[in-house]
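Inspection log for the structure reproduced underneath, given as structure tokens.
The values are calculated or read from the model by the stated rules, or taken from the named source; none is laboratory data. All figures in this text were calculated on a predicted structure; none of them were measured in a lab. Reconstructed Cβ throughout: ideal geometry from the backbone, glycine too, with neighbour counts over all protein chains shown. Surface accessibility is based on the protein's heavy atoms, side chains included, excluding ligands, DNA and RNA. Shrake-Rupley method; radii C 1.70, N 1.55, O 1.52, S 1.80 Å.
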Amino acid sequence: MHRAIRAAAAAAGRALSSARASPPPPRAPGCGATRWLCSSREALSYDVVIVGAGPAGLAAAIRLKQLCHAADADLSVCVLEKGSEVGAHVLSGNVFEPRALDELIPKWRQEDAPIRVPVSSDKFWLLTKNQAWTLPSPFDNKGNYVISLSQLVRWMATKAEELGVEVYPGFAASEILYDENQIVTGVATNDVGIAKDGTRRETFQPGVELRGRITLLAEGCRGSLSEKIIRNHKLRERGQGQHQTYALGIKEIWEIEEGKHEPGSVIHTVGWPLDMKTYGGSFIYHLDDRQLAIGLVVALNYQNPFLSPYDEFQKFKQHPAVRKLLEGGTAIQYGARTLNEGGFQSIPYPVFPGGAIIGCSAGFLNVPKIKGTHTAMKSGMLAAEATFKALIEGSSMELYWENLKRSWIWEELHKARNYRPAFGYGFVPGMALSALERYIFKGKSPYTLKHGKPDHEAIDVANLHAPIQYPKPDGHITFDVPTSLYRSNTNHEHDQPPHLCLRDPTVPERINLPVYAGPESRYCPARVYEYVSDEKGDPKLHINAQNCLHCKACDIKDPKQNIEWTVPEGGGGPGYTVM
């Protein structure tokens with residue numbers, strides 16, 4: 001992995017400096033990456049380092065290079081991606097609103113973008129156990145498309161590279177770099193070839209430092225570096241002030257029978273199988289080639305510790321209206337990912353000394369639209385414009401924040417601000433308040449609702465609930481976790497330090513199991529956490545880190561915030577291709 005980036009650097013004809021210690025040497029903008037040695041780690045210097053090759057990071061990279069070409073300037077831009085390839089860790093619904101892409105690449109329709117299936121119908125169902133009641137659809141999906149986001153970002157990566165951006169998949173940024181004034185100067189990747197016991201294997205290679213005059217964090221929801229920056233610089237308090245709230249989305253891709261396939265058909269549901277106190281819903285999207293995207297989104301402020309989002313999804317597929325679509329078909333891919341639902345109230349101040357946070361790392365999802373790709377891309381474009389002015393004209397990155405507040409992102413999220421917190425009062429009040437917001441106030445209500453407890457505090461103690469008995473999987477429509485994991489193409493190097501860390505190793509057996517009935521064994525959609533008996537017959541938490549889908553649910557939902565998600569070796573994790 002690390003040899004690959006060095007080979008790519010050489011192939012690009014970069015000027016290499018003689019070995020020297022940090023800080024990095026002065027360099028002219030756009031002269032390519034400068035290479036030097038910093039203690040035992042090799043280092044490369046760029047004008048802009050972007051962490052994450054999702055829609056926000058790639059939109060930022062493309063926009064930066066467009067601005068360079070228009071101004072006859074040159075800035076070196078590199079994008080790091082922890083997945084084995086671009087798109088491998090990208091999962092979304094996805095009904096795509098092309099508004100931001102229209103601004104970024106106006107002629108995308110003539111450039112073979114993987115956006116081919118326009119929405120043809122838009123239905124909204126209220127589910128009971130055996131019925132599907134059609135409601136007026138609150139979604140305006142005219143002009144939108146049903147896509148695979150993992151395919152779209154791969155296409156965007158090729159467009160970025162055509163403009164001169166260097167994109168490096170398989171590199172996990174694990175550390176923020178600072179100068180002596182505590183200004184961010186880039187990131188470092190983790191060492192590879194470290195065994196579980198901390199010793200160096202024969203394959204050991206030290207991490208690489210990527211120094212940037214500006215660093216943009218585009219890690220997606222609950223990005224590990226982004227969260228550290230938000231916490232350390234108190235960006236949440238400097239922004240809209242409220243905590244972020246999250247949901248877990250679980251998704252499968254199916255190939256269904258030809259006679260059941262309706263390209264562009266979009267269905268959203270609320271109600272069953274979730275209880276009246278749990279916010280969430282499902283989606284069923286018809287793509288091309290007989291493919292169907294189906295999923296369930298469960299808000300992570302649910303109260304019942306016995307609830308299993310994975311099993312609720314399997315249960316959902318047994319609904320008569322859903323099962324008949326899937327019968328005779330084949331499940332071909334599985335995955336899960338958390339998403340931001342805090343909206344307007346939870347937007348952090350996105351600028352820190354030396355860089356900015358963009359996309360879902362900051363949290364720009366429009367909850368009532370169930371869309372965040374267009375806002376993530378737009379935030380990346382706005383950050384790119386501020387970055388360009390900062391590096392070329394000497395202006396401040398504060399321009400990103402100012403332009404964000406003047407953009408259609410801000411207007412859109414402000415109008416949508418009360419939908420998600422309305423459901424904190426329960427399903428029926430939430431539906432009523434949402435109807436009031438949409439049809440009466442039209443997003444201009446004179447009040448702003450607040451979010452309830454943080455997700456990890458919302459969970460009840462176990463003795464307030466009865467265990468939920470979920471049906472066993474049938475192997476045709478519903479599946480056990482190992483079968484689903486196989487379809488996610490998840491893979492990690494087994495002999496490496498655990499990337500899921502317990503801050504206090506006694507908490508699972510001392511608190512989580514006796515008080516909350518071990519909820520980590522259920523909220524994780526990959527069964528990473530399980531309680532097994534030790535040699536004395538006592539239950540102990542066992543962590544199957546190799547199963548991890550990088551969804552971040554554990555980092556969010558653990559009742560005592562005892563689990564810290566960190567990056568494993570680059571290239572590990574799921575290998576999504578059509579998500």
Hey, could you check the stretch 195-217 for residues that are over 27 Å from the mean Cα position of the chain (by Cα), assigned to a strand (DSSP E or B) and of a type outside the set (Phe, Trp, Tyr) and say which is surrounded by the most Cβ atoms within 10 Å (Cβ to Cβ)?
-> 205
Residue match in the stretch 90-103 (condition: aromatic (Phe, Trp, Tyr), over 26 Å from residue 250 (Cα atoms) and at pLDDT 95 or above) = no
Are there any pairs, at least 6 apart or on different chains, whose C-beta atoms fall under 8 Å, with the first in the stretch 122-135 and in contact (Cβ under 8 Å) with a residue 12 or more places away in the chain and the second among the small types (Gly, Ala, Ser) and part of a loop (DSSP other than H, G, I, E, B), and if so, which?
-> 122/137; 123/137; 124/137
From 131, 151, residue being modelled with pLDDT of 95 or more and closer than 24 Å to residue 574 by Cβ = 151
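Return a yes/no flag: does the stretch 63-83 have any residue that is assigned to a helix (DSSP H, G or I), in contact with an Asp or Glu (Cβ under 8 Å, 6 or more places away or on another chain) and open to solvent by 10 Å² or more (accessible area, probe 1.4 Å). Explain how you work it out, then say what you get.
So in the stretch 63-83, the residues assigned to a helix (DSSP H, G or I) come out as 63-71.
Keeping just the survivors that are in contact with an Asp or Glu (Cβ under 8 Å, 6 or more places away or on another chain) gives 63, 67-68.
Adding the requirement that they be open to solvent by 10 Å² or more (accessible area, probe 1.4 Å) leaves 63, 67.
Checked against the condition, which is being assigned to a helix (DSSP H, G or I), in contact with an Asp or Glu (Cβ under 8 Å, 6 or more places away or on another chain) and open to solvent by 10 Å² or more (accessible area, probe 1.4 Å), the stretch 63-83 yields at least one hit.
If the requirement is being surrounded by fewer than 22 Cβ atoms within 10 Å (Cβ to Cβ) and either out of contact with any helix residue (DSSP H, G or I) (no Cβ under 7 Å at 6 or more places or on another chain) or closer than 23 Å to residue 91 by Cα (or both), which of these qualifies: 261, 243? Lay out the reasoning, then the answer.
Values: 243 fails: either out of contact with any helix residue (DSSP H, G or I) (no Cβ under 7 Å at 6 or more places or on another chain) or closer than 23 Å to residue 91 by Cα (or both).
Step by step, each of 261, 243 is checked, and only 261 is surrounded by fewer than 22 Cβ atoms within 10 Å (Cβ to Cβ) and either out of contact with any helix residue (DSSP H, G or I) (no Cβ under 7 Å at 6 or more places or on another chain) or closer than 23 Å to residue 91 by Cα (or both).
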Could you name every one of the helices (runs of 4 or more DSSP H) located completely within the stretch 472-567 that has at least 1 residues being closer than 30 Å to residue 326 by Cα and open to solvent by less than 10 Å² (accessible area, probe 1.4 Å)?
-> 481-487, 520-523, 553-557
Going by the conditions given, is residue 220 more than 21 Å from residue 81 (Cβ to Cβ), open to solvent by 10 Å² or more (accessible area, probe 1.4 Å) and not in a strand (DSSP E or B)?
-> no
Do the conditions hold for residue 439, that is, is it hydroxyl-bearing (Ser, Thr, Tyr), open to solvent by 70 Å² or more (accessible area, probe 1.4 Å) and modelled with pLDDT under 95?
-> yes
Considering the stretch 448-470, residues that are open to solvent by 60 Å² or more (accessible area, probe 1.4 Å) and under 30 Å from the mean Cα position of the chain (by Cα), and then whichever is farthest from residue 311 (Cα to Cα), we arrive at 448
Within the stretch 162-189, restricting attention to residues that are at positive phi and not in a strand (DSSP E or B), which residue is most open to solvent (accessible area, probe 1.4 Å)?
-> 182
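Within the stretch 457-466, does at least one residue satisfy the condition of being closer than 30 Å to residue 323 by Cβ, out of contact with any strand residue (DSSP E or B) (no Cβ under 8 Å at 6 or more places or on another chain) and touching a residue at least 60 places away in the same chain (Cβ under 8 Å)?
Looking for residues that are closer than 30 Å to residue 323 by Cβ, out of contact with any strand residue (DSSP E or B) (no Cβ under 8 Å at 6 or more places or on another chain) and touching a residue at least 60 places away in the same chain (Cβ under 8 Å), one finds at least one in the stretch 457-466, hence yes.
Each row is one residue, and each column tells you yes or no for (1) more than 25 Å from residue 458 (Cβ to Cβ); (2) within 22 Å of the chain's Cα centre (by Cα).
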position: 276; (1), (2): no, no
position: 283; (1), (2): no, yes
position: 307; (1), (2): no, no
position: 324; (1), (2): yes, no
Considering the stretch 269-296 alone, what residues qualify as being touching a Pro at 6+ places or on another chain (Cβ under 6 Å) and outside any loop (DSSP other than H, G, I, E, B)?
-> 286
Taking the stretch 112-133 and the residues there that are among the hydrophobic types (A, V, I, L, M, F, W, C), closer than 17 Å to residue 265 by Cβ and outside any strand (DSSP E or B), the one that is most open to solvent (accessible area, probe 1.4 Å) would be 119
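Residue-by-condition table, conditions (1) free of Cβ contacts under 8 Å to residues at least 40 places away in the same chain; (2) at negative phi; (3) touching a Ser or Thr at 6+ places or on another chain (Cβ under 7 Å):
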residue	(1), (2), (3)
510	yes, yes, no
516	no, yes, no
522	no, yes, yes
535	yes, yes, no
540	yes, yes, no
555	no, yes, no
572	no, yes, no
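Determine if the stretch 195-216 includes at least one residue that is out of contact with any His (no Cβ under 7 Å at 6 or more places or on another chain), within 30 Å of residue 299 (Cβ to Cβ) and not polar (S, T, N, Q). First the steps, then the outcome.
Our first condition is that a residue be out of contact with any His (no Cβ under 7 Å at 6 or more places or on another chain); within the stretch 195-216, this holds for 195-204, 206-207, 209-216.
Pick out the ones that are also within 30 Å of residue 299 (Cβ to Cβ) and you get 216.
Imposing the further condition that a residue be not polar (S, T, N, Q) reduces the set to 216.
Checked the stretch 195-216: at least one residue is out of contact with any His (no Cβ under 7 Å at 6 or more places or on another chain), within 30 Å of residue 299 (Cβ to Cβ) and not polar (S, T, N, Q).
For residues that are small (Gly, Ala, Ser) and open to solvent by 10 Å² or more (accessible area, probe 1.4 Å), scanning just the stretch 84-101, find the one that is farthest from residue 212 (Cα to Cα).
The residue in question is 93.
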Residue count, the stretch 134-152 (criterion: under 20 Å from residue 269 (Cα atoms), open to solvent by less than 30 Å² (accessible area, probe 1.4 Å) and not in a loop (DSSP other than H, G, I, E, B)) = 1
Are any of the residues in the stretch 286-293 closer than 24 Å to residue 151 by Cβ, open to solvent by 10 Å² or more (accessible area, probe 1.4 Å) and basic (Lys, Arg)?
-> yes
